[in-house]
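Asker: Pasting in a structure now, in structure tokens, and then I'll have a few things to ask.
The values are calculated or read from the model by the stated rules, or taken from the named source; none is laboratory data. Here the structure is a predicted model, which is why all the values come from computation and not from measurement. Cβ atoms come from the backbone with ideal geometry, glycine included; neighbour counts cover every protein chain shown.
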Amino acid sequence: MRFGARFVRDLPPGSVVLLSGALGSGKTTLIRGAARALGIRTPITSPTFVLRRRYPVRRGRIRGLNHIDAYRLAGPEELRGLLDEEFLLAPNDLWFIEWGERILCSGLPPRVVQIRFVLRGPTSREIIVRVVPSSTRGRRRRHL
């Protein structure tokens, strides 16, 4: 929760955060911390069966936090088809995508951060954060 709250402070609008790690490693908890820091008081739950939840934000330039669970998606093309228009209509939103490794592709926007959770014991985890260079995702820099 604390890491998510600190992390979200430096994210510019339009950022995409891809979260990966085992079940129970902390993906949704990080998003809860980010949401709380943005003033969202609605309970944050994983949108496994609805795919996406959007929480309005009324602080600064960020207008919404989108929480996506890509666990059930077959690949990036499924997400691309679902979110093309919404992504273009919400350039001031933040996008947190659980199971982000399933959709890592060239179609993601320029501001992509990948966070990987590695369980080190029953109560400890390592959190690895990296900016995903566009060269890793291909040459095209377009929206989903």
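Asker: Would you point out the residue of the stretch 66-93, among those that are farther than 14 Å from Arg54 by Cα and assigned to a loop (DSSP other than H, G, I, E, B), that is modelled with the highest pLDDT?
Answerer: Among those that are farther than 14 Å from Arg54 by Cα and assigned to a loop (DSSP other than H, G, I, E, B), it is Ala70.
Asker: Please pick out the residue among Gly14, Gly64, Gly21 that is within 15 Å of the chain's Cα centre (by Cα) and buried (at least 20 other Cβ atoms within 10 Å of the Cβ).
Answerer: Gly21
Asker: Next question, about the same structure. Give me the residue from the stretch 1-44 that is touching a Lys or Arg at 6+ places or on another chain (Cβ under 7 Å) and in a helix (DSSP H, G or I) and, out of that set, farthest from Gln114 (Cα to Cα).
Answerer: Ala37
Asker: Please go through the stretch 105-132 and pick out each residue that is in a loop (DSSP other than H, G, I, E, B) and at pLDDT 70 or above.
Answerer: Arg111, Pro122, Thr123, Val132
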